[in-house]
Amino acid sequence: MNGILRLNAEFQKNIWEEMTVGRLVFMPVAVGLIAAITIRFSGAEIVPGAMGVVVLLLTVLWGSRMASDSVTEEVANRTWDVHRLSAQSATGLVLGKFAGGTIYSWYGAANATGIAYYFDHGSLPQSGGLCLAGLVAQSAAFFAALALRGGNTSRRVQNLIGQLVGLVAGFGLRNLPSLLTVAGPDLTWYGHLYQTRDFVNALSGVVVAWFLVGGIRLVRRDMGLRDGPFGWIVFTIAVAAFAYGFAPRFAAAFAGLSLPPDPTESRKLLYVAVGGTYVALLGNPGTYERLTRLCSRLSRVDLKQAWRDVLPWMAGYALCVAAVIYTMVNTHADALYAWATLGFVTRDVIVVTGFRLRNHGRGSIMIFYLLAVSIAGPWSTRGHVWAAAFRPTEDGSLSLAFAWGEAALALVLFFGTFRKLARAARLDIGAATT
């Protein structure tokens, strides 16, 4: 701790702001009062459970608010630019602000945990899961606040959105074990048997790490530093690999959807690749400037610099193409189905990118479009001829025609937008050569 205090100025600043003498005294008194009231009206045996609720409220509910506010307060006070232009590294700034901005909630959680430990005779069966739920909620809210900074929304709205994201993430992962244990206390991942709660706890740690890495990349962008596509590409591949570990459960999980009852291995791989592509497409569809720069550098065959501007969904799309080729080589019966799936993905890539370019970065339209596709596709009527217009069907030729026809129509609709992009790329080439 002393090393962190000496080396991380942001963490040290937050410590002094959050951990004042009055607050240090108030928290144990408040938590002790809650324990005393619980003993008075419900008995001492209820105290550990009550303290668990206190930990959850402090770390998830209040902690997510504190994490979001640690960012929005700096933006509102116009001190964010001072931080990002300082000598502090992006990693140090993010970790210092995240840990320091939420430390008071953890101080309260430590007091509640100590009381629970005393009344539960040295047993803390819930402590690990509660702390991880708090970390997930706070990291999610912190990342959401970083993603929303500098927009037109007010500080109150940004805090509300950040807190909602944190609550959904924290309580969602907190309740995930109970959802997964419906079929039993264990789950199978890549053929290995795991205790569901232990698996979810490990997953929570990975989620926290990803949120913090995402926050570091956002701060690096604010500092004028450019990252290559490695982060999103690794994230896309990681999501695909994680989901593929549950491939044997696909049939049960998708029982209510219009998917094959027992998908083949090639289709499982295709579903995972498509899912990773949509995650990347929604998370980072790209900006007009980045797409222009990428097209310009590809035209000049400047592959080293173009690599930095490769968009994450492009890696996902490449995985989809690889999955289609794998299907053609190994399962000829699924070839039309795989090509139809690639056609629908191509259609959505064109539409989302076109919306992104035409609306100068406003993402509400493309989000509604992806939501409509995700609802209309899987839940379209089985056996109906028009189902092939929304998703791949077993009648591969019909869905293949619809998929690539819709992709061509999307390209026609956004042809003017892409032509402007190509013209801007040519102008960029001219500027680079003069």
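A straight Cα-to-Cα reach below 26 Å connects Lys97 with the lysines Lys13, residues fewer than 8 places away in its own chain not being considered. Annotation for Ala322 and Lys304: the two label points, set 7 Å from Cα along the Cα-Cβ direction, are 2.5 nm apart. As a proxy for reagent exposure, Val206, Val75, Val168 were ordered by neighbouring Cβ count within 10 angstrom, fewest first; the result is Val206, Val168, Val75.
Projecting the Cα atoms of Leu148, Thr113, Ala30 onto the dipole axis of the range 23-148, where Lys and Arg carry +1 and Asp and Glu carry -1 at the beta carbon, places Leu148 farthest toward the positive end.
Centre-to-centre, using Cα atoms only, the range 311-330 and the range 88-121 are separated by 43 Å. In terms of other Cβ atoms within 10 Å, Ser299, Ser68, Ser266 run from fewest to most in the order Ser299, Ser266, Ser68.
Here the residues Trp307, Trp16, Trp106, ranked from fewest to most Cβ neighbours within 10 Å of their Cβ, fall in the order Trp16, Trp307, Trp106.
Laboratory data are not the source of any read-out in this text; all were calculated from the coordinates shown. Since the model is a prediction, treat every value here as computed from it, not as a measurement. When we count neighbours, we look across all protein chains shown, and the Cβ atoms used for this are built from the backbone with ideal geometry, even at glycine.
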